[in-house]
1. Filter the GluC sites (Glu not before Pro) in region 88-170 down to the DSSP loop ones having no more than 14 other Cβ atoms within 10 Å, then list what survives.
2. Go ahead and run the numbers for FRET between N118 and E161, Cβ-Cβ distance against an R0 of 35 Å, rounding to 0.05.
3. Report, to the nearest 10°, how far helix 105-116 tilts away from the longest principal axis of the Cα atoms in the chain, using its own Cα long axis and a range of 0 to 90°.
4. So if each residue of separation counts as 0.36 nm, and I subtract the Cα-Cα distance between N17 and E56, what length gain in nm does that give?
5. In the chain, what percentage of the DSSP-assigned beta bridges are antiparallel, given to the nearest 5?
6. Testing the spin-label approximation: label points 7 Å from Cα along Cα→Cβ at D4 and N34. State their distance in nm.
7. Take peptides 41-51, 18-28 and line them up by average Cβ neighbours within 10 Å, highest first, as a rough protection proxy.
8. Which shape class applies to region 25-117: rounded if a/c is under 1.5, otherwise prolate when a/b exceeds b/c and oblate if not, where a ≥ b ≥ c are the square roots of the Cα gyration tensor eigenvalues?
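Please treat every number below as a calculation from the coordinates, not as lab data. Remember, it's a predicted structure, so these values are computed and weren't measured experimentally. With ideal geometry, Cβ positions are generated from the backbone for all residues, glycine too; neighbour counts draw on all protein chains shown.
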Amino acid sequence: MHDDIQEILLSEEVIQNKVRELGKQLSQEYEGKNPLCICVLKGAAPFMADLVRRMEIPLEMDFMAVSSYGAYTQSSGVVRIVKDLDTPVEGRHVLVVEDIIDSGLTLSYLLELLRGRNTASAKVVTLLDKPTRRTTGLKPDYSGFEVPDAFVVGYGLDYAEKYRNLPYIGVLKEEIYSV
Ligand code: PRP
Ligand code: MN
Ligand code: MG
């Protein structure tokens, strides 16, 4: 285990079993629909990469990068698009792939934007859900795990851009972020 991690919340095996389960469920849901899976950079990249390999149906992948104005903890709900999709989404079934939903601001904005482009459907799959931090009415359509309001990193989730490559999800030691 990494020195900066206090405890492992979700092991690699637990994560991969869940990803397999979600992949199976989504394969049934999106059979014949050629969904466009949209990865929200950067946190969702590892989950997206694993999830699409567990979806045994034709699908397409695209990537978006967004950034909240101001400090993350006092986000205004205004999201700036840093990298837009390459793919037109009109009439498409889009599935937004996220690593975690916190306040729900990022996704509320994204879903509104996508639906404004006349998608056939726009749904969300998130690996982690932190409902206690929600400030919007957003509910994921598919969710892997509910997590407590702890500082979690790994499997895409960062602290100051670090720890994204950990194969598990762990709680960061307080001394790392409280300096
Ligand atoms: C994190 C996370 C989600 C978002 C969730 O991304 O990956 O995308 O915040 O927060 P919200 O529900 O309060 O909007 P972040 O902005 O840290 O960028 P990153 O994915 O590049 O780490
Ligand atoms: Mn993110
Ligand atoms: Mg981040």
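1. Numbers: sites: E90, E98, E112, E146, E161; in loops: E90, E161.
Hits after loop and neighbour filter: E90, E161.
2. Numbers: r = 35 Å, r/R0 = 1.01.
Efficiency at R0 = 35 Å is approximately 0.50.
3. 10
4. On the way: separation 39, 0.36 × 39 = 14.04 nm, distance 1.57 nm.
Length gained between N17 and E56: 12.5 nm.
5. Counting DSSP beta bridges with both partners in the chain, the antiparallel share is about 35 percent.
6. Placing both labels 7 Å beyond Cα along the Cβ direction yields 4.3 nm.
7. 41-51, 18-28
8. Here region 25-117 falls in the prolate category.
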